[in-house]
Amino acid sequence: MASPGIERVLERIHAAELPDFADLTFVLRVADPAELRALFGFADAVRRESVGDGILLRGIIEFSNVCRNTCRYCGLNRRNTHLARYRLTRDQILAAVQNICEAGIKTVVLQSGEEDNLGADWLTEVIAGIGRSLDAAVTLCVGERSREEYRAWKLAGADRYLLKIETSDPGLYRELHPGMSFENRTRCLQDLAVLGYQTGSGNLVGLVGQTIESLAGDLRFFKQGRFDMVSVSPFIPHLQTPLATEPAGDLMMTLKMIALTRIVCPNAHIPASTAIGSLHGRDERPRALAAGANVIMPNFTPNPVRRLYDLYPGKTGCDLPPQQSVAAIERMAAAMGRGVDYARGDAVRLKGASGCDPSRSVASSDADLAKGQCNSMYAN
Ligand code: 5AD
């Protein structure tokens, strides 16, 4: 039996405007099996109550692996000269989008490295091309850009944006991201929220130098950012990086972080990430789905470039055609007594009458921006 203590702490975290640091570190240190069951059960109940049983699908297209950055954990870092670089053409992207829509999936995620030469206008055209031909939400994940570029993409029809903080600990952030700044990262998140994007962030678990305290800080960062989507995934060492010999993130710690993210941000869409499916060569995504997650992102990047989007080794789903991945996810959901939900899966806050108009709204001037038609506390 779990002690009544843990239930009380979880209730307190759930109810808090900003959860107490000591409560979070207490739960992150839990190791007793009964207490772990209490944590995952609590998170699963919050998930059912706030986002339901359906598992939302997002079709991801990794359209370029070119990157200007040297993030110390990432296989796409520009110092990795062993990696052939690619960028899909507009037509190749639109063909992959077509495959996503034919699979019945209503969210397209366009992801790439951070590319100096990724023309904002080129991406604007791609987004507009998707919008013209298909009824799907468009999520971008292309890194740090200017507010003007974010605005242009929003006006072209982008709905959502993912930009993980990776770690909210500014010192650790600096060490892991040479030449980048925590301030610019949070500036981007703020701009995105103010522009009316459904905004996502997230972290990596198990980074060298990361402590229980910095993970607790990440959870508080998620709460303060009022994100619509939060991705928590384990670090997996890549040979062509400075962190090649570091251990991978711990699965149990990752699951605890997912559960706490659900409890702290009840309405967020939280993926059972591909990295969780790839850690230790076993697909552990069902455990993430049972600990608070409600999203899976099948890979629609075409072959032969798919294996070149080499963030970390052993990426799951890389050898399966997308239709087979989707069928496997259907079976995974059914085995858990849940189903796949083929809805767009917009942010929960957009379902009611409150706040800003859902998808296609954008602030068109800085005056509008200042009014803050969005969810983030950064804007207040
Ligand atoms: N292990 C796990 N995830 C990684 N990412 C980058 N490198 C790694 C790695 N070695 C993740 C980052 C980034 C996303 C696109 O891929 O969290 O936000």
- How many residues are assigned to a helix (DSSP H, G or I) and at pLDDT below 95 if we restrict to the range 278-292? 4
- Looking at (1) assigned to a strand (DSSP E or B); (2) within 28 Å of ALA259 (Cβ to Cβ), which is the one condition that is false for ALA43? (1)
- Criterion (open to solvent by 40 Å² or more (accessible area, probe 1.4 Å), over 23 Å from GLN111 (Cβ atoms) and not in a loop (DSSP other than H, G, I, E, B)) met by exactly one of ARG262, ARG307, ARG220: ARG220
- Taking the range 237-250, which residues are touching a strand residue (DSSP E or B) at 6+ places or on another chain (Cβ under 9 Å) and open to solvent by 20 Å² or more (accessible area, probe 1.4 Å)? ALA248, ASP250
- Query: Quick one: would you say ASN203 is open to solvent by 40 Å² or more (accessible area, probe 1.4 Å) and touching a residue at least 12 places away in the same chain (Cβ under 8 Å)?
  - Reply: no
- Note on the structure: Within the range 202-213, residues more than 15 Å from the ligand (Cβ to nearest atom) and either out of contact with any helix residue (DSSP H, G or I) (no Cβ under 8 Å at 6 or more places or on another chain) or not hydrophobic (A, V, I, L, M, F, W, C) (or both) come out as THR211, GLU213
- Scanning the range 229-250 residue by residue, the ones that are within 11 Å of the ligand (Cβ to nearest atom), without any contact (Cβ under 8 Å) to a residue 60 or more places away in the chain and of a type outside the set (A, V, I, L, M) total 4
- Item | Criterion: farther than 25 Å from TYR342 by Cα and either buried (at least 21 other Cβ atoms within 10 Å of the Cβ) or modelled with pLDDT under 95 (or both) - qualifying residue of GLY41, GLY129, GLY113 | GLY113
- Restricting the search to the range 293-304, which residues are at pLDDT 95 or above and more than 17 Å from the chain's Cα centre (by Cα)? THR301, PRO302
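The values are calculated or read from the model by the stated rules, or taken from the named source; none is laboratory data. Because the structure is predicted, anything quoted here is derived from the model rather than measured. When we count neighbours, we look across all protein chains shown, and the Cβ atoms used for this are built from the backbone with ideal geometry, even at glycine. Ligands, DNA and RNA are stripped out before the accessible areas are found, and what is left, the full protein with its side chains, is counted by its heavy atoms. Shrake-Rupley method; radii C 1.70, N 1.55, O 1.52, S 1.80 Å.
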